[in-house]
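Everything on this sheet refers to the single structure shown next.
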Amino acid sequence: IGEGAFKKDANGAHKIRVAPGSKDTPPRVVASKSHKGPILDMFLSQMGTHELVSMGSSLKFCLVAEGKADVYPRLSPTMEWDTAAAQAIVEAAGGTVMDLDGFRLRYNKEDLHNPFFMVSAKSAAAGGGGGDGGNGQGCSH
């Protein structure tokens, strides 16, 4: 994580960074095509004005990491293997992946299910304590 996050394309590798956010433009929210439901609908209505981009897979994490989206609320089930690599990319790009209590997602738990979470360009969008789950590494031992 110390070197940052990079995206490789035909022109080579380019450092990516989460978007700084702006009060002048509505937040860009990425959401799943197949997991949209009443909880996400409620979250979006409480968020107010926003731009919604629907797509599948962990590409949503990468859009936040690259600064092309501001927040990705995941309010349906995922497993640790669905999120671990993408979380490292988001964090290397300066973003956060927090559960709804404001703690980083933890790994190597007895139950491999993730809690609902928010991927964000800034920790304030996670709406919580901003903690690290108790061990500073986002993992449990």
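Below, the figures for the structure above:
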item	result
Most to least accessible of ASP101, ASP41 (protein chains only, probe 1.4 Å)	ASP101, ASP41
Whole-percent carbon and sulfur share, accessible surface of the range 1-104, 1.4 Å	56 percent
Spacing of the two label points (7 Å from each Cα toward its C-beta) at GLU110 and ASP24, in nm	5.3 nm
Accessible solvent surface per residue of the range 1-126, calculated while the other protein chains remain in place, 1.4 angstrom probe, Å²	56 Å²
Two-site FRET efficiency, LYS8 against TRP81, from Cβ-Cβ distance with R₀ of 22 Å, rounded to 0.05	0.45
THR49 - accessible surface, heavy atoms, 1.4 Å probe, Å² rounded to 10	110 Å²
Selection of GluC sites (Glu not before Pro), the range 22-112, meeting DSSP coil and at most 10 other Cβ within 10 Å	GLU110
Amide H within-cut-off set for THR78, under 5 Å, with H built and near neighbours excluded	ASN114
Given LYS23/LYS60; LYS15/LYS109; LYS8/LYS60, the pairs whose alpha carbons are separated by over 28 Å	LYS15/LYS109
Convex hull of the range 1-96 built on C-alpha atoms - directionally averaged projected area, nm²	7.0 nm²
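The values are calculated or read from the model by the stated rules, or taken from the named source; none is laboratory data. Computed from a prediction, not measured in an experiment: that's the story for all the values here. Cβ sites come from the backbone with ideal geometry, for glycine too, and all protein chains shown count toward neighbours. For the accessible areas, the whole protein counts, side chains as well, though only heavy atoms, and no ligand, DNA or RNA atoms are used. Shrake-Rupley method; radii C 1.70, N 1.55, O 1.52, S 1.80 Å.
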